[in-house]
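Novice: There's a structure below that I have some questions on.
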Amino acid sequence: MANAAFKTFFITGVSSGFGRALAEAALADGHKVVGTLRDEASRADFDRLCPGRSFGRRLDVTDNAAIAPVVAGVETDIGPIDVLVNNAGYGHEGSIEESSLDDLRRQFEVNVFGAVAVIQAVLPFMRGRRSGHIVNVTSMGGIITFPGLGFYHGSKFALEGLSESLAKEVRSFGIHVTAVEPGAFRTDWAGRSLVRAERRLADYDAIIDPLRKRRRDYSGKQPGNPAKAAQAILKLVAAREPPVHLLLGRDAVNLVREKLGTLKAEIDAWEQTSLSTDFS
């Protein structure tokens, strides 16, 4: 892929999955990549990936106080961050009734609060330069839903709303914001990265158990190719007018279109009731 200019990427969570695929693709394209990892061995390994252009930084996005110093250090020591990719995250599986509030807090700490903390650390620099691109990796699960993933969907719906609003707030500063919404990709999301709540209520057996088994069996067999997703994201950040939303994968496109059709049908069916609530 030809590039008009090389960029500096700051990508959270580059140990595996989308983050790793994107980091490797960006490096192959000639860009600099700062990737966050949670242990020293992984950080050193990332440094060695492409000496002089790959820079590992130890960071847990739930350690909010540590984020701003890391970002400031990158800006000083490596260069201006052109593209922020909020990729760090995980999934929680479990019915809402069987999952704890602590489970919910942890899901939001990583998927939402961590992403916002990184955005808030990077924005002053981008705003000062009047340029930049913030890419939030959400999910088709930020638009559609499945039983047993309520906490995950809640976090991704939240990140979708934050992304849309932020895009409107910073567009006049020359900063673009895109929510990238992957479907089912061959990553560790449904494997080691998925936290599963303990099953304890028999009423949910028929709803949750078949879906839990399907996710286990499907892990490693998903249709989406992370390397191709990385190329799509590189195309996105090279665009002069990037979209606010970018679906990735045929399943994401089909399922979101189905959701939009169902939503339109509900709006149409209940339109008169909706309109009846205004002052006459």
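Novice: Do we have any residue at all in segment 58-78 that's touching a Cys at 6+ places or on another chain (Cβ under 6 Å) and either on the phi > 0 side of the Ramachandran plot or aliphatic (A, V, I, L, M) (or both)?
Specialist: We begin by selecting, within segment 58-78, every residue touching a Cys at 6+ places or on another chain (Cβ under 6 Å); these are none.
Within segment 58-78 (the criterion being touching a Cys at 6+ places or on another chain (Cβ under 6 Å) and either on the phi > 0 side of the Ramachandran plot or aliphatic (A, V, I, L, M) (or both)), the answer is no, since none of the residues qualifies.
Novice: Of all residues in segment 145-179, which are surrounded by fewer than 19 Cβ atoms within 10 Å (Cβ to Cβ) and polar (S, T, N, Q)?
Specialist: Passing the criteria: T145, S165, S172.
Novice: Still on this structure: Could you list, in sequence order, the residues of segment 132-169 that are aromatic (F, W, Y) and without any contact (Cβ under 8 Å) to a residue 60 or more places away in the chain? Walk me through how you get there before you give the answer.
Specialist: Applying the first criterion (aromatic (F, W, Y)) to segment 132-169 yields 146, 151-152, 157.
Those that are aromatic (F, W, Y) and without any contact (Cβ under 8 Å) to a residue 60 or more places away in the chain: F151, F157.
Novice: Any idea which residue in segment 122-157 is farthest from L104 (Cα to Cα), counting only those that are in contact with a strand residue (DSSP E or B) (Cβ under 9 Å, 6 or more places away or on another chain) and among the small types (G, A, S)?
Specialist: So, considering only residues that are in contact with a strand residue (DSSP E or B) (Cβ under 9 Å, 6 or more places away or on another chain) and among the small types (G, A, S), the one farthest from L104 (Cα to Cα) is S131.
Novice: Looking only at helices (runs of 4 or more DSSP H) that lie completely in segment 180-280, which have at least 2 residues being surrounded by 12 or more Cβ atoms within 10 Å (Cβ to Cβ)?
Specialist: Details: elements: 205-218, 226-238, 250-269, 271-275.
It comes to 205-218, 226-238, 250-269.
Novice: A further question on this structure: Can you tell me how many residues in segment 85-102 are of a type in the set (D, E, K, R) and without any contact (Cβ under 8 Å) to a residue 40 or more places away in the chain?
Specialist: Of segment 85-102, the ones of a type in the set (D, E, K, R) are 93, 97-98, 102.
Still in the running and without any contact (Cβ under 8 Å) to a residue 40 or more places away in the chain: 102.
Total meeting the criteria: 1.
Novice: Something else about it: How do the pairs read when you match residues in segment 213-240 that are closer than 17 Å to F6 by Cβ and at pLDDT 95 or above with residues anywhere that are part of a helix (DSSP H, G or I) and of a type outside the set (V, I, T), using Cβ under 7 Å and keeping only pairs 6 or more apart or on different chains?
Specialist: Final answer for the pair search is A230/A21; A230/L22; A230/A25; Q231/A25; I233/L22; L234/A25; L234/A26.
Novice: Is one or more of the residues making up segment 80-87 under 15 Å from L159 (Cα atoms) and polar (S, T, N, Q)?
Specialist: Kept after step one, since they are under 15 Å from L159 (Cα atoms), are these residues of segment 80-87: 84-87.
Applying the additional criterion that residues be polar (S, T, N, Q) yields 86-87.
Yes, some residue in segment 80-87 is under 15 Å from L159 (Cα atoms) and polar (S, T, N, Q).
The values are calculated or read from the model by the stated rules, or taken from the named source; none is laboratory data. Only a predicted model underlies this, so the values are computations on that prediction, with no experimental measurement involved. With ideal geometry, Cβ positions are generated from the backbone for all residues, glycine too; neighbour counts draw on all protein chains shown.
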